[in-house]
Amino acid sequence: MNVARMPIGRRLVSYGQFIYCQWLNLLRVPAYTIPTLVFPVMFYAFFGILMNPGASAYLLATFATFGVLGATLFAFGVGIATERAQGWYTLIRATPAPLLGIVIGKWFGAALFSAAIIVTMCSIAGFFGGVRLEQSQWWGLLAVLISGTLPFCLLGLGLGLLLSPNAAPAVINIVYLPLAFLSGLWVPVSQFPAWLQTLAPWLPPYHLAELALQVTGVRPGEPWSHWLALLLFSAVFAVLVIIGWRRMLAMSK
Amino acid sequence: MDSPLIRLDEVSHRYGNKAALDAVSIEMQSGQVTALLGPNGAGKSTLIHLLLGLLPVQSGHIEVMGRTPSVAAKAGEWGTMLQSSGVQDTLTVIELLNLFASLYPAPAEIDSLIDEAGLEGLERTRFERLSGGQKQRVMFALALVGQPRLLILDEPTTGLDPAARRGLWDVISQRRAQGVSVLLCTHYMDEAEKLADQIIVLNRGRVLAEGSPDSIKSRVPNAQIFARSRLTLDELRRLPAVQSVESREQRLSVLSSDAPATLKAWLAADQELDDLEVKGADLETAFLNLTRKAPSKELLS
């Protein structure tokens, strides 16, 4: 059986189209752009610059982690739940579209927003918070935070496949906000009561925040254990994705 | 001999313990318009989802152009319009068309497609801001964008005004003339009667009838007789070959399996019979008759 194969170049064009359409889609949904873009930056300006001027560098790393966590979870979770209910994936699955195109498009969309959040926060930190980093550290922060979103992409993808579009925003907020707090993204883990401190390493954003703190030179240490933790969490959330995917296939009608 | 375009062999499908399709075997020839008819819950939409590879085949065998549905999907063999499908509605018409064009090996010229689907002037409008009929026309254009050899259309004219409906029929007829095969799922009998070369009637998950529109109509040897008469409904029911009687706008409508016999007896009983009209059963009557014989108790919709 001969299946007409798309040339690589054309294939890349369709990936490009998915990414482009995903950006447009995110930009046109104010319910996404305002909370994910404005809130973390505003919180950082209040808590990281105005209230704790001495901790601006520390809080830059953790609030930037908070920002990418939200941008990723909402782009994937709410986006996929909504589009699934619209029947978008039913139509896409009946075309030769590479399914990976949807995921890659989503990832680029979330990454673009994450980058916008990080760059805005870094500008505020540099201009108003007196945070001074090496050029390599600024870039390192961007690179670490964007590549470290893998587990949150998978968590959002899994929830998006399992939840209805009405339930998705509520459930994701319930996951997102406690996860952010308990991982020490707002208040450093060291200020938690002792028993709560032991919980933090079991939460994926804690490890991403630690990597962000290391790359900006706030905290010394080896990054490998944190990368490993993020990979393990990714594997766990991948199982959620598989369960959600199977359920979607069984229910598609 | 050409192998059939679509072949279903003993295909059954269940949702939990509800049977949606029960050992359905169908062959659809290429170059034809095949209409799939059936009341709600007949299994039409399950059948289409199986054909498109959107549902896993539970039992039986399905081939589309000699391939399994999922392989045929990857090759871009068909364009489809589904009731259960939608699009990312923040995108504009032109953005959607460009995205879909990028998915197929040999996409259509976008400008002429916009023309054909009657979407001029709407290119930069977001899908969410279109009217129901305009949305339906965008979905139709998305089905055509890959220049497929097979169109699978589920209720394509629902929500369209009469002019847009006719426009869409014209496009379907043109494509058929160019050698495109069409599977058309519809509730509109006039649509099936006008477009279809072959009709498949599905009811409660089984194929009830299969054939040309004429052969389907001839399976119910009915004629409808309309007249004004002084006979009562009960007296009419006792005439030979009468199947049912209705009173409609001062006229009586009698469904007969043998019009000459009924008429002879009716004229003998009522010399003042007036305003007489005899019509052969149309596809709608034939369809209602066929599906009424097998009443459906548990509807799956």
Pairs with Cβ under 8 Å, 6+ apart, first in region A:126-145 and over 22 Å from A:H207 (Cα atoms), second of a type in the set (K, R): A:G126/A:R132
Every residue from region B:168-191 that is surrounded by 14 or more Cβ atoms within 10 Å (Cβ to Cβ) and part of a loop (DSSP other than H, G, I, E, B): B:V180, B:T186, B:H187, B:Y188
Go through region B:48-99 and give me each residue that's part of a helix (DSSP H, G or I) and facing chain A (nearest Cβ under 7 Å). B:H49, B:V71, B:A73, B:K74, B:E95, B:N98, B:L99
Of all residues in region B:64-95, which are free of Cβ contacts under 8 Å to residues at least 60 places away in the same chain and farther than 29 Å from A:L27 by Cβ? B:R67, B:T68, B:P69, B:S70, B:V71, B:A72, B:A73, B:K74, B:A75
Could you pull out every one of the helices (runs of 4 or more DSSP H) wholly within region A:8-69 that has 3 or more residues that are in contact with a Pro (Cβ under 8 Å, 6 or more places away or on another chain) and within 14 Å of chain B (Cβ to nearest Cβ)? A:8-27
In region B:28-36, is there at least one residue being among the hydroxyl-bearing types (S, T, Y) and surrounded by 20 or more Cβ atoms within 10 Å (Cβ to Cβ)? yes
Single unsatisfied condition, A:V38 versus (1) more than 17 Å from B:N98 (Cα to Cα); (2) crowded, with 21+ Cβ neighbours inside 10 Å: (2)
Quick check: anything in region A:146-162 outside any helix (DSSP H, G or I), crowded, with 22+ Cβ neighbours inside 10 Å and touching a residue at least 40 places away in the same chain (Cβ under 8 Å)? yes
In region B:1-27, how many are more than 15 Å from B:R204 (Cβ to Cβ), in a strand (DSSP E or B) and not acidic (D, E)? 5
Region B:100-127 - residue that is more than 14 Å from chain A (Cβ to nearest Cβ) and part of a helix (DSSP H, G or I) and, of those, nearest to the chain's Cα centre (by Cα): B:E116
Would you mind stating whether B:T34 is of a type outside the set (K, R) and part of a strand (DSSP E or B)? yes
Which residue is modelled with the lowest pLDDT, if the candidates are limited to region B:128-141 and must be more than 16 Å from B:W169 (Cα to Cα) and within 26 Å of the chain's Cα centre (by Cα)? B:G132
Filter result for the condition that a residue is in contact (Cβ under 8 Å) with a residue 24 or more places away in the chain and touching a Leu at 6+ places or on another chain (Cβ under 7 Å), over B:L208, B:L239: B:L208
Given the conditions (1) surrounded by fewer than 18 Cβ atoms within 10 Å (Cβ to Cβ); (2) over 24 Å from A:G126 (Cβ atoms); (3) in contact (Cβ under 8 Å) with a residue 12 or more places away in the chain, which single one is not true for A:P223? (2)
Residue among A:A250, A:A209 that is at pLDDT 95 or above, among the small types (G, A, S) and in a helix (DSSP H, G or I): A:A209
Of the conditions (1) under 23 Å from B:Q174 (Cβ atoms); (2) in contact (Cβ under 8 Å) with a residue 40 or more places away in the chain; (3) aliphatic (A, V, I, L, M), B:I110 satisfies every one except a single condition; which number is it? (2)
Hey, any hits in region A:89-109 for a residue that's touching a residue at least 24 places away in the same chain (Cβ under 8 Å), within 14 Å of another protein chain (Cβ to nearest Cβ) and of a type in the set (S, T, N, Q)? yes
Among the candidates B:V138, B:V145, B:V93, residue that is under 30 Å from B:P39 (Cβ atoms) and in contact with a helix residue (DSSP H, G or I) (Cβ under 7 Å, 6 or more places away or on another chain): B:V138
Only one of these is among the hydrophobic types (A, V, I, L, M, F, W, C) and either within 27 Å of A:F46 (Cβ to Cβ) or surrounded by 22 or more Cβ atoms within 10 Å (Cβ to Cβ) (or both): A:A110, A:A85. Name it. A:A110
Could you grab me the full set of residues in region B:155-179 that are within 24 Å of B:I216 (Cα to Cα) and touching a Gly at 6+ places or on another chain (Cβ under 8 Å)? B:R176
Could you tell me which numbered condition A:L230 fails, if it satisfies all but one of (1) surrounded by fewer than 17 Cβ atoms within 10 Å (Cβ to Cβ); (2) away from every other protein chain (no Cβ under 14 Å)? (1)
The strands (runs of 3 or more DSSP E) lying wholly within region B:202-301 that contain at least 1 residues that are β-branched (V, I, T) and at pLDDT 85 or above are B:206-211, B:223-228, B:242-248, B:251-256
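The values are calculated or read from the model by the stated rules, or taken from the named source; none is laboratory data. Only a predicted model underlies this, so the values are computations on that prediction, with no experimental measurement involved. Every residue, glycine as well, gets a Cβ built from its backbone with ideal geometry; the counts of neighbours run over all protein chains shown.
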